[in-house]
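Values in this text are rule-based calculations from the coordinates and carry no lab data. All figures in this text were calculated on a predicted structure; none of them were measured in a lab. No Cβ is skipped: glycine too gets one built from the backbone with ideal geometry, and neighbour counts run over all protein chains shown.
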Amino acid sequence: MNRLTRVNPSIPVVAVLLILTAGLRLLNLSGSPIRLDDEGTYIAQAFAVTQWGELAHYTYWYDHPPGGWLQIALWMMLTGPGFGANAVTAGRYLMVIVAVVTAGLLWLLARRIGLSRWGAAAALIIMAVSPLAISLSRSVYLDNLAIAWLLAALVLISSPRQRLSAMFGAAICFGISVLTKETMLLFVPMVAWLVWIKTSPATRRYALAVFAAVTGLVISTYILMAIVRGELLPGPGHVSLWEGIKFQLWQREAGGALGDPQSLKRHTIDEWLRLDPVIPLVSAPIALGGLFVDRLRPYAFGLLTLVLMVVRPGYLPVPFVIAAIPLLALLSAGIGERCVGRLRDLARQPSVPSHVVRSAAVTAVVFTAALIGTLWWPGYRTSLLTDDDAPMAQAQQWVSDNVPKDDRLIVDDAIWVDLIRDGRERQNVIWSYKVDTDQQVQAWAPHGWADYGWVVSTPSMRANMTEHGVLNDAISHARPVATFGSGGSQVDVLRVDAEASSNAPAPPAVPAFGVQVAARLDGASNRDAVAALQSGAVDQRVVAALTGLSTMQPVVLEQISSNPDEEAAGTPAREVVLAGPPDRLTACAAFLQEQKPPFKPDRISLTDNALTIRFPAQGQEIGLGSNPAPVTTGMAAVRVVDMRLGPAQDHLEFVRLDGGPGGSAPSHVPDYRAVAAGSYMLATVPDRGGMPLMRQAFTLKPGATYTLALFSGAKPNEVAAQLAPDGPPTAGSPVRLMQAAQAAGAVKLSMSTAGGSPTVLADNASYGLITGYGDQPAGAYDAVITAGGREWHRPVDLTDGVPVTLLLTDGTDGPALEELPDGAAAPAPLDPPALTFPVESPKPDKARVELATALNPQEQAIPAAVVLIVCVVSVVVLLKHRRR
Amino acid sequence: MPRITRGGVALGATVFTFAAILVFGGHLFGGQSHSSAPPSVPAVDASLTVSAPAPAAPAQNSATGSSGGALPNADGVQAASGDPSPTAAPLRARHPDSLGWPEIVLYTVLGLISLILFIVAASTLWWMLHAWRSPESLAATGFRRRSARRPLSFSLLLPARHEQDVLGDTIDALARLDHPIYEVIVIIGHDDPETEQVARAGAARHPRIVRVVIDDHIPKNKPKALNTALPACRGDVLGVFDAEDEVHPGLLRLVEARFEESGADVVQSGVQLMNVRSSWWSLRNCLEYYFWFRSRLHFHAEQRFIPLGGNTVFARTALLRGVGGWDRNCLAEDCEIGVRLSTRGARVAVAFDPKVVTREETPGSIGALVKQRTRWDQGFMQVYRKGEWRKLPTRRQRMLARYTLAMPFLQAATGALVPIAIIGMFVLKVPVPLTLLTFLPLGPTLVTVAVEAAALGEFGKEFGIKIKLWDHLRLVLGAFPYQLLLAAAALRSVWRESRGHGGWEKTQHANAHRSAESVAA
């Protein structure tokens, strides 16, 4: 240090102040403030630059010049993908570096203006310790980068030797600063003034020419870029620079008046004051005071420009104050130094005793410092100690654990990059802002809100919600699955459900079903877990899975665990832990792994003595949520009508929830079978052996007859079963339709007697429709099936007193129409039950492998290359230095 | 009460206008529209294609679906809630195809060319601004106004050929210089009796100062003339002037002082073309001289590699005799002697003072200008090929020499690139970043124009010429055509040099004649 002090006495002071600056910003870096939408946007745009060579992750529409995130992209390339807890935090580390650089530049500027070391140090301290500065300067705001460039320009303009090269540098820096954040254009008068007064008259002409030309050229690259991309002026089918500028200047919603407590602008200013009640309030007086000090006048003018911008009606962005902080620090230090100088002069006068002045000064300084410290204290608590980002981080973790990779999400930009890095396609992770504003995004979702699966709702998303639009629709059709945090920082994960019209969550299994299954569990089961199973707060799929498993082997229930965040959102418990000997658990794991949605767990983890099963977060009604209390006596009749597409070589297993006698039935014979009334879990078992697949649960009432219609599900190998009660034999000829003709599309079915007018039974009916009964007079009819502009005629003969199901299937020559008389005379009993594990059961994976983000070797090479270059250069420099 | 100046009022007005725009900006512009939503962004990105939603999935699994006809909704159907996953199929990004070899080569070449052009333009700009790089360095470029303690004697060489119209005045002006010990040696060709007559008359008017030397060489050129007079010089220092030069009377005193204070072996003083308004290109030609003598030559002097100017150059006679005088075969003998002296480690001092510059005129026509440039460019190439510069002591100097002497080639190459670039503008389709990169050389070029405009004002002030807006306009508009002219001259010189490769003597013969003409011009 002594040697350094000899080189330049400022070095120790500056070093301490820079360390202070960095330290205060690194403390609780990822925790406060909560990751903001803007931060995420810039990070995401930088990510798009590094990843796809595009200027933004959506169509770039000239909202801001891209200089800022190009710099962030450079940082991303240098640090690689694994840096920081998340993408925004990685960006915040850059901001800490930028803050340190800014502080260093402020020191240089203060010294070049002519402030003493103490004055310069005071300026740095103000900037280092203000909670407002701490909070804003570590957020990933373009203003932080821009202000660093601006200060660099000011330092260069104040070059003591008035070099022309410094003017070149200053012009480039100022140009980049404008390209980083366009609001820096407000400083043009200040900078021009400084260029004028800081140049020597002999070379001023050239300095001005160079400065103006270079600045203009650097800034005009933005326009040039727009021209090259063919997007300078508005036109059909593309964005344009002109529209971007028009929006920023004239079309942004005005922030309202300063005096209106409800206005957006007042809200922004309150936000500043909450962190720091001192700096925003003193800026106007400081700026006015600075006008009276010669060497500070241009800077005071610059600050005054900013104050005017705040006062004028118009849009006021939150980070606007960032630009004011260094100027304010500089001016307060300069004015303070001037006052101290005056006081010293006063103290030198013999008329005033020096010790009086000294003690008065000390008192005043201590008082002011204490006052400001007290005012700043709450700001420190917020910025240095509170982890505001926890709900966001938890939500992000939850999404990555629970939301399938192929599901569509609407998210806040703050977590966008992290989700993409997690292995999701960019079309499946949609920034909420773009849902309603980007035509490309709208084209990805032709069905509007129904094309989205999830919404991660954050405070900034809620703040920017519009009253109409797809985002609003999606949220109103969604129900919370997990909730993190509370109050202003609450983050909700919402499941968009195409079926649910309300926000009601998927109901848990009715307690009675839980009670039935609990009775079948092994005696060694954990009592608390069994009690939980009967509590009515357990997901239906858990109950169904336990039914299936306990039919095939004894099941020891160890635990039913629920996530408090999900519990808060009303989501039933969906994770169970089973215990038992390893071979049993292995068999269970293999069984569950083979299941199809909705019974497919998203997590199966197997250890020697425990099997953890968790079902996906999207809870679903599978037949155990709402049906009446289970019945245990009496008989019912069920007929299976298999209308699945393609050949299905399997049979059905009816598994009673309470362990009572179930049975099996072939799927391709539409005969009535007698089944004991009660609640069943339906499984399909392949004829040639293989894993039984759980399909659905239902309840049979005594004395009723049913038709169990099997349709194909939305995805291959999924079954959508519908259990429809058959109509009782009545007078007339009731008729209903089961539509299983898929090839022709939506069909229209009308029937007419000879010479009579046709009755339209169904119109626009598509695959999977089961209607109720409608009365038709008995007789012979001509059924007309119309689909896709074609028409087919089929004869239908209705007998009096017999309800009929009209089964519409794909025939060889157009749709085939089959008449099934409903009602069973003497149904045969079910075949004996045969639900077992297959003899050769496939071995399950030992544990679900967590897929790590595939690291791009190129991305890894860049940091390595940079480190190598730095090493080589430093060695070369060192050697050269030695040689001298 | 401080006095309010006009500048102060103007500044105040500007400040108020600015403040007014800020304050009322919201009203003036914001009143039109209160839409807070940003403009809708159309989809233009071709890399992401939208696939149609998967048609395979049955659209409706609902148990309670409406029949759309006479049949009622089903009652009491037990069914799962259906597949809740969104109807849109997941989209996959189609990644752009990777580049093929031809594209990579093309882009690399384009990028390299832009970078090279940028470096050329930027270095030219920076050296052009050398004198103004700081106020101190600007002050160091002038003469110190202090007389020498020990006077030097001067021999001023004045080669003239077919210049009987201007020679008389020049001799009279040179004879009136303010210095105690100097002589003027007028060099006349033996086949040029008219000029000889004027020279003899001058010698008769100033018998103690002016002498006439007859050059008998065939063919004739300037280096041969100078070499003829070299043995006859009696002064410590030898100076070269042209027949049409207008020399400041106090120049010799200042040069003498410069020799003494700098300890230099060679002093180059400024030469300035003055006829700004005689044609569209004369303005640019004048400014070219201005930047060259005002600024660029100082840089070369500091680097100790300098192509000297053709006149108002002073060197110690002994040194010139030691290196054997001028190269008699070189078309740019001034440049050549500068390079040769540089390799011998001679110190060169450059001094510029607008008051004492030697004033000259531009060539009379575009043709003459192109011929003059061709001669210079070809001379530079000859110096390059002669390879004397390889003897320069440091690598840095050799690099600078190579670059400076090869400049005509670069200029020619740039000229040749212009039509290619224009064709490329319409034919090539390159990515946006590369397109932006190709604009890079334009940056320094435009800054150069801005600096020239600034210099034009200063030039007018220093030489008492009133510069009008029209002159500035001419300067800007003439920039590109003038560069084309120079590029054409460079191409012509390359062509001639390559043609004359085998028959050096013959070419020299032709050139010597021309060069004599253009010197005369």
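Worth a mention:
- DSSP bridge pairs, chain A: antiparallel proportion in percent, nearest 5: 80 percent
- For trypsin sites (Lys or Arg not before Pro), the sites in the stretch A:645-713 that DSSP calls loop and that have at most 14 other Cβ atoms within 10 Å are A:ARG688.
- Spin-label pair A:SER351/A:ASP528, simplified geometry with 7 Å Cα→Cβ offset, distance in nm: 8.3 nm
- Ranked list, fewest to most other Cβ atoms within 10 Å of each Cβ, for A:THR836, A:THR458, B:THR445: A:THR836, B:THR445, A:THR458
- Nearest 10 degrees, 0 to 90: helix A:204-228 Cα axis against chain A principal axis: 10 degrees
- Under-5 Å amide H pairs with A:VAL641, H placed in peptide plane, nonlocal only: A:LEU708, A:ALA709, A:LEU710
- Backbone HN-Hα couplings from phi across the stretch A:541-550 [Karplus 6.51/-1.76/1.60, Hz, Gly and Pro as x]: 5, 5, 4, 4, 5, 5, 4, x, 5, 6
- A crude spin-label estimate for the pair A:THR633 and A:GLU253, with each label 7 Å from Cα along the Cβ direction, gives 6.6 nm.
- For the stretch A:554-601: rounded, prolate or oblate by the Cα gyration tensor [a/c cutoff 1.5]: oblate
- Label-to-label distance, nm, for residues given as B:SER498 and A:ASN472 (7 Å Cα→Cβ offset): 7.2 nm
- Between helix A:10-26 and chain A there is an angle of about 20 degrees, using the helix long axis and the longest principal axis of the Cα atoms.
- The stretch A:410-487 versus the stretch A:657-730: alpha-carbon centroid distance in Å: 38 Å
- Excluding same-chain neighbours fewer than eight residues apart, the aspartates and glutamates reachable from A:LYS198 by a Cα-Cα span under 16 Å are A:ASP294, B:GLU136.
- For A:206-219, mean number of other protein chain Cβ atoms within 10 Å: 5
- Computed over the protein assembly as shown, Cα set: Rg, Dmax in Å: 45.2, 152
- Straight-distance candidates among the lysines for linking to A:LYS246, with alpha-carbon spacing under 24 Å and chain neighbours fewer than 8 residues away dropped: A:LYS181, A:LYS265, A:LYS434.
- Think of the stretch A:350-440 as having a plus end and a minus end, set by charges on the Cβ of Lys, Arg, Asp and Glu; of A:ILE372, A:PRO391, A:ASN402, A:ILE372 sits farthest toward the positive end of this dipole.
- Shielding by partners for peptide A:45-55, expressed as the average number of C-beta atoms from other protein chains within 10 Å of each residue's C-beta, is 1.
- For the pair B:ILE465 and B:SER123, a Förster radius of 35 Å applied to the C-beta separation gives a FRET efficiency near 0.75, rounded to the nearest 0.05.
- Shape class for the stretch A:727-808: oblate, because the ratio a/c of the largest to smallest gyration tensor axis (alpha-carbon atoms, square roots of eigenvalues) is 1.5 or more and b/c is at least a/b.
- Neighbour cut-off at most 16 other Cβ (10 Å), DSSP loop, trypsin sites (Lys or Arg not before Pro), the stretch B:424-505: B:LYS429, B:LYS466, B:LYS468
- Degrees between helix A:164-180 axis and first principal axis of chain A (Cα, 0 to 90, nearest 10): 30 degrees
- Compared with the alpha-carbon gap, the fully stretched path from A:GLU271 to A:ILE11 is longer by 90.0 nm at 0.36 nm per residue.
- With θ taken as phi - 60° and the Karplus curve 6.51 cos²θ - 1.76 cosθ + 1.60 applied, the whole-hertz 3J(HN,Hα) list for the stretch B:288-294 is 4, 4, 4, 5, 5, 7, 6 Hz, x standing for glycine and proline.
- Cleavage-rule hits, trypsin sites (Lys or Arg not before Pro), the stretch A:112-206, DSSP coil, Cβ neighbours within 10 Å at most 16: A:ARG161
- Under 5 Å between amide hydrogens, built in the peptide plane, is the criterion, and for B:THR358 it picks out B:GLY270, B:VAL271, B:GLN272 among residues at least 5 positions away or on other chains.
- Rounded to the nearest whole Hz, the Karplus-based 3J(HN,Hα) values (6.51 cos²θ - 1.76 cosθ + 1.60, θ = phi - 60°) of the stretch A:403-417 follow the sequence 8, x, 5, 8, 7, 7, 10, 9, 10, 6, 4, 4, 10, 4, 4, with x at glycine and proline.
- Whole-number percent relative contact order across chain A, with pairs defined as alpha carbons under 8 Å at least 6 apart: 9 percent
- Beta bridge orientation in the stretch A:755-798: antiparallel %, DSSP, nearest 5: 100 percent
- Per-residue [θ]222 nm for chain A (sum of -39500 (n - 2.57) over DSSP H runs n ≥ 4, rounded to 500): -13500 deg cm²/dmol
- Inter-part distance where the stretch B:275-342 and the stretch A:747-826 are each reduced to a Cα centre, Å: 106 Å
- Full extension of the chain between A:SER561 and A:GLU818 yields a length gain of 87.6 nm, computed as 0.36 nm times the residue separation minus the alpha carbon distance.
- The stretch B:236-303: C-alpha gyration tensor shape, a/c 1.5 cut-off, then a/b vs b/c: oblate
- Close amide-amide hydrogen proximity is noted between A:VAL538 and A:ALA509, A:ALA573, each under 5 Å apart and 5 or more residues distant or on a separate chain (H modeled in the peptide plane; Pro and chain starts excluded).
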